[in-house]
Amino acid sequence: MTPQFAHRIKLFLALTCAFLLSGCGGNLAASKYWLDGEYDKAYNAVSADLRKNGEVTTYGYSILCDSMHKLRKYDEVLGCVERFDARIAQGNTSDGFGNDLSSHPKAIAANVHIDLGDFLTALEIAREGVRIDASRNTAAYYRVLNHTALGIAAYRLERAEIFEAAVKNLEALQGSFNVGGDAARNALSSLYLLAGRHQEAFALAEKGSSAFLRSSEKWHATTSRFIAASALRLMNRNAEALARFDSLVRDRAVQTNGTLLWKAYYYLAGIYRDINRQEQSIAYFKRAVDVIEQQRSTIDSEANKIGFAGNKQAVYGEAVAALVRAGRVEEAFEFAERGKARALVDLLASKKQFSGGGVDPRKVSALLAKQTNAELRAVSYPTGAATRGVAYGIGDEIAQISPNLASLVTVRAASTRDIQGRLPVGDTLIEYYGTADTLFAFALTKDRIGAVKLDAADLREEVFAFRSLINQPRSAGYRGVGSALFERLIAPLERMIGGSNLTIVPHGTLHYLPFGALPFGGGHLVDRFNIRVLPNASVLEFLRERGRGQPGDLLAFGNPDLGDKTLDLPAAQIEAVRISKNRERSKALLRREATESVVHDIAGGFRYLHFASHGTFEGERPLASALLLASDPLNDGRLTVGELYDLNLNADLVTLSACETALGKIANGDDVIGFTRGFLYAGASSIVSTLWQVDDAATAHLMEAFYRHLRKLDKRTALRRAQLDVKRTYNDHPFYWAAFQLTGGVR
């Protein structure tokens, strides 16, 4: 009896056993679908069995959870893994024909976290899976899965010893019977690709795919074909790679697997770019982004969304580059807009409920649930086109309820013409977008658009060196680094700038850069331009003046009592009193009166809100960043970013005279997740916030000047005049005035 025939007998027995254990045909049908790579059908079969019986076999959970992962149902798969693990903890470890499934939940979970960019968690879970494998009689296939996850996570975390150990263990598993050995070859070839051993990866993948039969090996055969094609691409054997990827994207096993599909489109785009067929290249970049954006709406955790988006930002960046090269600048700009702020979109899509922003929470929640279901169905290709149309249609319904909400929970961007139409006369919008060492800058006025490629090498280090030197108020050392940044970021655009107003849309590290402090003409950029910042250009669609009909004018929170005298801000208390003193219908709440509860109860009745208090910045948990106010029996005093999305404000301006309130998590090149966007959603037209821990006395001086100028000038000009006042009468050093920036509307 040949090994292949013996394996077919074992497969028949496995399917028969699964049928007998399930009590129905669900596992039998699901097994066939799963082994054939038809994961959508496998998922539906086991799900139907689960609904009917309230439970499935351990083998059923193995199929269900793995199919969820293959289909990128990220909002379901980790819950499935928990149920799978719970069943195993009860002693139900067998698949019914001699294989121990104890480590399979760990392998699935580890691979999910790899997909989401959470490599440290993946490493820890995979290590647990390997420990289980060592203590139990698990099949070679599951050992392969855990060692593979361990190797990938270790590589991403630059843990070379762990990576090499995983490679050696997989090399030892190549001799395992059939599927285990085949899976080991696939895994090894994948790790060889990561390590740059392209020729070895290709040879091993070719060996693996030629050994497969059909049915149960379909997924492994598809993976081998994909790895071989990828290796050819990485070895610049483009003609061969092109033919293979062209075949792969027509394969249903690839069409129903989001990870393989977007990567195949991405590789095809790169090949066509390199052989100078630009139109085909651009078309495939767009297809890759379509698949990525469908998947991301189903990821459930804020940190993981950021990682997932970040892993694929190169697709957006290369698409923008291709469009700029093709001279399609307007389209490139729109694509850059589409690529920006997506981590925030996904973060808030997981919230699922929005009681703020002046929208009906019940109607919105129903539409969001409907949209998510449509996007989940759309992952199943090639029939997903119609479903995607449904998802986009639901996005239109959300936009009708609230354009603001649509900008947060749907992947859409305004057209270039729409954005130009919303720019004031004399305003130039500069938007930065890029990845790795490539950075593009777009300059728009009401009637012109241009694009420039900039040098991004070591930009992060230069920006943070500039910030560090600014935070040395007795030194002028910042000017050298600042001048270099000006020459890199602004000088190439000078001929495109018209008028005295700048709207800057930063990207990545540039969110941390105080543009007004850049040395210019013997002074600073703020001496020449009125500057505001936007999270993305599409936000112009819903920025408008608010609050003129409010019963109250200004509500100021000054020096809240935080129960710790070392946190007292005496100048902030004076600041709150002075700015509200000469304004009708205004009030300053100080110390124990400055509570979070007041914000929830009455802040919506004032045109201007002013917070002279401390703020905290939680880089890894952006929704937990908070303004610190006084506590009371109803609220803990921490007004978090997450809570802002449940507020209903109608404020023309929110001023955050607090520490680092303009900062937030940089989502690997996407939008900053922080206070400014939260207040924009809650109903504020504009926010003044800070980029570093500000000087108490200088801030009081600047804020008094700002509100004085605001009586006659627009917000952008008023802030600039206040900064110039501080420069002239208090201290010229940027430490004292450059931390403040205006985000949002100017009128």
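A few comments on the model shown:
- Conditions (1) surrounded by fewer than 21 Cβ atoms within 10 Å (Cβ to Cβ); (2) within 19 Å of L439 (Cα to Cα); (3) in contact (Cβ under 8 Å) with a residue 12 or more places away in the chain; (4) of a type in the set (A, V, I, L, M); number of the one not met by L469: (2)
- Enumeration of residues in the stretch 243-297 that are hydroxyl-bearing (S, T, Y), more than 16 Å from I227 (Cα to Cα) and modelled with pLDDT of 85 or more: Y272, S281, Y284
- Pairing residues of the stretch 167-178 that are loosely packed, with under 15 Cβ neighbours inside 10 Å and outside any helix (DSSP H, G or I) with residues that are modelled with pLDDT of 80 or more and not β-branched (V, I, T), at Cβ distances under 8 Å and at least 6 apart in sequence or on separate chains, gives F177/A140.
- N92 being within 26 Å of A48 (Cβ to Cβ), among the polar types (S, T, N, Q) and either open to solvent by less than 10 Å² (accessible area, probe 1.4 Å) or not in a loop (DSSP other than H, G, I, E, B) (or both): no
- Test: residue in the stretch 72-86 that is touching a strand residue (DSSP E or B) at 6+ places or on another chain (Cβ under 9 Å), part of a loop (DSSP other than H, G, I, E, B) and modelled with pLDDT under 95: no
- Residue match in the stretch 217-227 (condition: modelled with pLDDT under 85, open to solvent by 30 Å² or more (accessible area, probe 1.4 Å), within 23 Å of K73 (Cα to Cα) and of a type in the set (K, R)): yes
- Whichever residue in the stretch 569-599 is in a loop (DSSP other than H, G, I, E, B) and touching a residue at least 12 places away in the same chain (Cβ under 8 Å) and, among such residues, is surrounded by the most Cβ atoms within 10 Å (Cβ to Cβ): A594
- Taken over the stretch 673-728, the criterion of being among the aromatic types (F, W, Y), modelled with pLDDT under 90 and closer than 18 Å to A603 by Cβ is satisfied by F675, F679, Y681.
- Counted residues, the stretch 413-469 - those being among the small types (G, A, S) and within 24 Å of the chain's Cα centre (by Cα): 8
- Options R532, R495: the member that is in contact with a helix residue (DSSP H, G or I) (Cβ under 9 Å, 6 or more places away or on another chain) and among the charged types (D, E, K, R): R532
- Residue-level check: of (1) modelled with pLDDT under 75; (2) surrounded by fewer than 22 Cβ atoms within 10 Å (Cβ to Cβ), R328 misses just (1).
- D40 vs. criteria modelled with pLDDT under 90 and either open to solvent by less than 30 Å² (accessible area, probe 1.4 Å) or in contact with a strand residue (DSSP E or B) (Cβ under 7 Å, 6 or more places away or on another chain) (or both): yes
- Among the residues here, A205 qualifies as of a type outside the set (F, W, Y), in a helix (DSSP H, G or I), modelled with pLDDT of 80 or more and open to solvent by less than 20 Å² (accessible area, probe 1.4 Å).
- Which numbered condition A231 misses (of (1) open to solvent by less than 30 Å² (accessible area, probe 1.4 Å); (2) outside any loop (DSSP other than H, G, I, E, B); (3) at pLDDT below 90): (3)
- Failed item in (1) without any contact (Cβ under 8 Å) to a residue 24 or more places away in the chain; (2) open to solvent by less than 10 Å² (accessible area, probe 1.4 Å), with G480 passing the rest: (2)
The values are calculated or read from the model by the stated rules, or taken from the named source; none is laboratory data. Note that this is a predicted model, so its numbers are computed, not measured. In this analysis, Cβ positions are derived from the backbone assuming ideal geometry, glycine residues included, and neighbour counts consider all displayed protein chains. Calculation scope for accessible area: heavy atoms of the full protein, side chains included, ligands and nucleic acids excluded. Shrake-Rupley method; radii C 1.70, N 1.55, O 1.52, S 1.80 Å.
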